[in-house]
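Structure first, commentary second.
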Ligand code: PLP
């Protein structure tokens, strides 16, 4: 089988076990991990020649699919023309990408580029705190987010994260990060309608603001749909109510689009499903479809204007060397152009609707508690039985994932949580899936 080098697959696996520290993987999990060596369309190939349809788009990011000539060409041309210059000055790919993102966001934002989703959220937190300071409210430093949400691995982003198993080994984290319950309608109290429950969840945020002292709250951060925490899709009422609460108390609304952005939910950005206008939008992953590292923090013009101050240290004192790297920006531009040309956002919506329809009859399976989807993003919550809704055990979820893999399909599951909700299968396939790919996913899952 062909590889970049002539190293045999056995030797490569041995070197992998010896030298590489895998991300968020148990020490002994490497024995059966894949060494991925090729990828094309929705398919990856490991170094033993096994092919898999990657229904998780890598790590929820390869929206335009693998192996696209357009992206390779954009990277090659930009490297030849101008491989690097920092954004302490400027360059054409960053300028054009910032303009294009504004078009996609459909409003007036200024764009700050970084490298990862975690970075983008850190930037959002720092801008928010400094904004309030410069707006004459320096006591506003706290952020509210939701349990089960993931916002990144760096200390601030991890503090905003609401998954305790990812955090507790690294605590104490950054102070001032508070959490409220997510709008998990499947597990709402008996007798409450979905609307009532979602409204109660939104009102939790208002209550938190009041109890904590409204003059101390800087921002609320949330994904439009909680993704890694189990595909928790709020009711329209919830997001509108939260926007209203944020406006009422002068709290900035930060929307984390790291997974939901770039067509994943059937709109360009996830928040566009809910008719809200966030103050800050963070994005990464799908911005380049995973071809290059890049992230962005989009900040409303009116907030940016507050940084126009005569104070010596009034500017945003944040820099990262590679944020907005010209090659990454050129690739992102090629990615967005390709998505527009191939109508991938629209395809996400139609494939998602088809998937939801195809999966409907799985609802009668005794261990399927709930199937949730928006765009080409789905969560299948597995339970021991439908009445108790007790989560199905990890061994059951694990056996389904292994069975799928053995038959050539990679699917995911929500992050382990100590509250027991690690029972949700996740699907986030490339939006460029062909009809044959789609049929393969559906028939195998069923
Ligand atoms: N926000 C969300 C919603 C994420 O899912 C992730 C990563 O999965 C992040 C932020 C952090 O992004 P990164 O891993 O690029 O730092």
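Its Cα gyration tensor gives region 70-341 an equivalent ellipsoid. The semi-axes, each the square root of 5 times an eigenvalue, are 31, 22, 17 Å from largest down.
The value obtained for region 58-167, namely the Cα convex hull volume divided by the number of residues, is 161 Å³ per residue. Between region 167-208 and region 311-348, how many Å separate their Cα centres? First find each Cα centre; the distance between them is then 31 Å. Dividing the summed -39500 (n - 2.57) terms of all DSSP H runs of n ≥ 4 by the residue count of the chain sets its mean residue ellipticity at 222 nm at -11000 deg cm²/dmol. Cβ crowding within 10 Å ranks 118, 295, 33 as 33, 118, 295, fewest other Cβ atoms first. Spin-label pair residue 76-residue 442: with each label point 7 Å from Cα along the Cα-Cβ axis, the two points sit 3.7 nm from one another. DSSP beta bridges in region 207-360, what fraction antiparallel, as a percent rounded to 5? Antiparallel: roughly 40 percent of the beta bridges in region 207-360. Between the C-alpha center of region 370-435 and that of region 218-248 there is a gap of 23 Å.
Relative to the current alpha-carbon distance between residue 215 and residue 27, full extension at 0.36 nm per residue lengthens the span by 63.1 nm. Distance between the pseudo-spin-label points of residue 69 and residue 361 (7 Å out from Cα toward the beta carbon): 4.0 nm.
Using the Cβ-Cβ distance between residue 169 and residue 406 with R0 set to 30 Å, the FRET efficiency works out to roughly 0.40. Region 75-147 and region 24-43 have their alpha-carbon centroids 31 Å apart.
As a rough guide to protection, the peptides 376-386, 199-209, 83-93, 98-108 ranked by mean Cβ packing within 10 Å, highest first, stand as 376-386, 199-209, 98-108, 83-93. In this rough spin-label picture, where each label sits 7 Å from Cα along the Cβ direction, the residue 96-residue 310 distance is 4.1 nm. Once you divide the Cα radius of gyration of region 275-422 by 2.2 N^0.38 Å, the number left is 1.46. Pull up the DSSP beta bridges for the chain and report the antiparallel fraction as a percent, rounded to 5. Bridges in the chain that DSSP calls antiparallel: roughly 65 percent.
The numbers here are math on the coordinates, done by the rules we state, and not lab data. What you are looking at is a predicted structure, and each value in this text was computed from that prediction instead of being measured. Neighbour counts are summed over all protein chains in view; Cβ atoms, including those assigned to glycine, are modelled from backbone coordinates with ideal geometry.
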